[in-house]
Structure formats: structure tokens, C-alpha cells
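All remarks here apply to the structure that follows.
The values are calculated or read from the model by the stated rules, or taken from the named source; none is laboratory data. Predicted model only: the values in this text are computed from it and were never measured. Because the Cβ atoms are built from the backbone with ideal geometry, glycine has one as well, and the counts that use them run over all protein chains shown. The protein model used for the area step is the full one, side chains on, heavy atoms only, and it has no ligands, DNA or RNA in it. Shrake-Rupley method; radii C 1.70, N 1.55, O 1.52, S 1.80 Å.
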Amino acid sequence: MPDGISDESEDVVGVLTERIEACFDMGMDQLKAAVAAAPTANPDATDVVKWHGLLVEAQSVLERAEDDLLAALQTQPSEIDDPTMGLAHRVNAAVTARDGRAMVVRWLLDPDAPGKKDLAAQRLARLRPRTGPAVQTSAPHRPAGTAAPASAWRPARTAR
């Protein structure tokens, strides 16, 4: 932006975009197209593309909030009124959202980040979308004459 307020924040998106492109050895448009064509082929790429999109969206929201605040400040006398203070709070919230999303993208790009190689990573992997049903939807096939395991559900016996 020409006002200079968000030059640094735009660099956050640019730097992370460059890191993503280097990590996957392709441009963002190519990566987005590859993920759209085969979203389950590389879950890491799918996650990065999703969070990068959220980061870009948050940056756009921040820029609009900054523009609104600047416009309001230019019309203010020496004291700031409540609506303008509300705009300042909106900018702060937008910065927080953008920075949080940037942190997620950084974490996704760092193979040695805390939680990627331990129990937390296993739990996170379980949260990824499944490609099939979560539970078995048909009875397991057993060869004829094979007894059901002791833990299998059995109908209750009727009293005699």
C-alpha cells in the first residue's frame, strides 16, 4: 500500500509464498491447480494451500481495515471518536488473524516443528479428512465354519 503501514505485513505473505514455492518446487498457481486436481495425493500440500489461501484472505481483510481507519483518521479533529476507535480495534483483530494464519503456514512448512514427530503429530494425522468411511459399513467376511471372535456381539439369549 502506498501509505507504508502494511509494507512489512505484505512481505509476510510474499516471504511465505516464496517458501511454499521453494518447498514444493512450483509456483503457487501450479500448486493450487495440483491440489485441486488431486486433493488427497499430498495432504501436506493440501494443508499448505488451504492455509495460504486463508492467509491471503486475512491480509486482504487487514488492508481494507487499514484503509478504512486511515480514511477515518484523515477526517478526525484532534480527538478520536468511538467509531474510529472501533476501526482501530478492527485493524488489531485483522493483524492478529493474519499473524495466526502466518504462524500455521510456517509450522506446516517446517518439518522439524514441535509436534510433527511425536504423539501430537499422530493425533493431528487422525484429524485429516478420511478417504473412506470412518467405521466399517458391512459385516466382516469370515469363511464358513469359522467361529466369531469372543468379543463379537451376540444376541441375548431368551429365558426358558
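The figures follow:
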| read-out | value |
| --- | --- |
| Which listed residue, of 48, 61, 15, is at pLDDT 95 or above, open to solvent by 30 Å² or more (accessible area, probe 1.4 Å) and out of contact with any Lys or Arg (no Cβ under 9 Å at 6 or more places or on another chain) | 15 |
| Residue among 43, 77 that alone is more than 22 Å from residue 96 (Cα to Cα), free of Cβ contacts under 8 Å to residues at least 40 places away in the same chain and open to solvent by 40 Å² or more (accessible area, probe 1.4 Å) | 77 |
| Where a residue in region 52-65 is in contact (Cβ under 8 Å) with a residue 24 or more places away in the chain and its partner, wherever it lies, is among the small types (Gly, Ala, Ser) and in a helix (DSSP H, G or I), with Cβ under 6 Å and at least six apart | 55/102; 58/97; 61/94; 62/94; 65/94 |
| Unique match (being modelled with pLDDT under 95 and in contact with a Pro (Cβ under 8 Å, 6 or more places away or on another chain)) among 128, 154, 160, 123 | 128 |
